[in-house]
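A.B. asks: So that we are looking at the same thing, I have put the structure below in structure tokens.
The values are calculated or read from the model by the stated rules, or taken from the named source; none is laboratory data. This one's a predicted model, so the numbers in the text were calculated from it and none came from an experiment. Cβ: placed from backbone, ideal geometry, glycine included. Neighbour counts: every protein chain shown. Ligands, DNA and RNA are excluded from the accessible area calculation, which covers all protein heavy atoms including side chains. Shrake-Rupley method; radii C 1.70, N 1.55, O 1.52, S 1.80 Å.
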Amino acid sequence: MSGFNIRGVAPTDVPALASMSDALGRFHDETTKADPVALHRDLFAAPPWVWGLIAEAGAQPIGYALMLPTAQVQHARRGIDLHHLYVAPDWRGKGVGRALMTTVETHARTLHCS
């Protein structure tokens, strides 16, 4: 990773997450309106409903990933659904998405996901 870092989402990141989520929707030609109150509720509940990562360059958010837990009880498997992955246009092709994916995979392994 060069020029950016990946970390867990903090409550102060929620406005940027909502904005990037809407940008992701526009990229897919969808009309979206992320709800910061719902994002905060889902990311910071005990236990969390959604897990999040932020990619940032300095203090500027440049991408994110949101993950949801899944399970296949009949196969005794845990899993992670990568619900959102977004990288700001100026940062695409610079390894941000790959770094987010690697961090998602590491998080999934700590939770014993297959």
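A.B. asks: Which residue is most open to solvent (accessible area, probe 1.4 Å), if the candidates are limited to the range 98-114 and must be of a type in the set (S, T, N, Q) and closer than 12 Å to residue 78 by Cα?
C.D. replies: Looking at residues that are of a type in the set (S, T, N, Q) and closer than 12 Å to residue 78 by Cα, I get 114.
A.B. asks: Which of the residues belonging to the range 1-27 are touching a residue at least 60 places away in the same chain (Cβ under 8 Å) and either closer than 16 Å to residue 50 by Cβ or not in a helix (DSSP H, G or I) (or both)?
C.D. replies: Passing the criteria: 1, 2, 3, 4, 6, 20, 21, 24.
A.B. asks: State which residue is farthest from residue 19 (Cα to Cα) when the search covers only the range 38-93 and only residues that are touching a strand residue (DSSP E or B) at 6+ places or on another chain (Cβ under 8 Å) and of a type in the set (Lys, Arg).
C.D. replies: Filtering first and then ranking leaves 77.
A.B. asks: Moving on. Going through 65, 45 one at a time, which residue ends up being exposed (fewer than 11 other Cβ atoms within 10 Å of the Cβ) and under 17 Å from the mean Cα position of the chain (by Cα)?
C.D. replies: 45
A.B. asks: Just wondering, is there one or more residues in the range 84-95 that are assigned to a strand (DSSP E or B), of a type in the set (Ser, Thr, Tyr) and at pLDDT below 95?
C.D. replies: Checking the range 84-95: not a single residue is assigned to a strand (DSSP E or B), of a type in the set (Ser, Thr, Tyr) and at pLDDT below 95.
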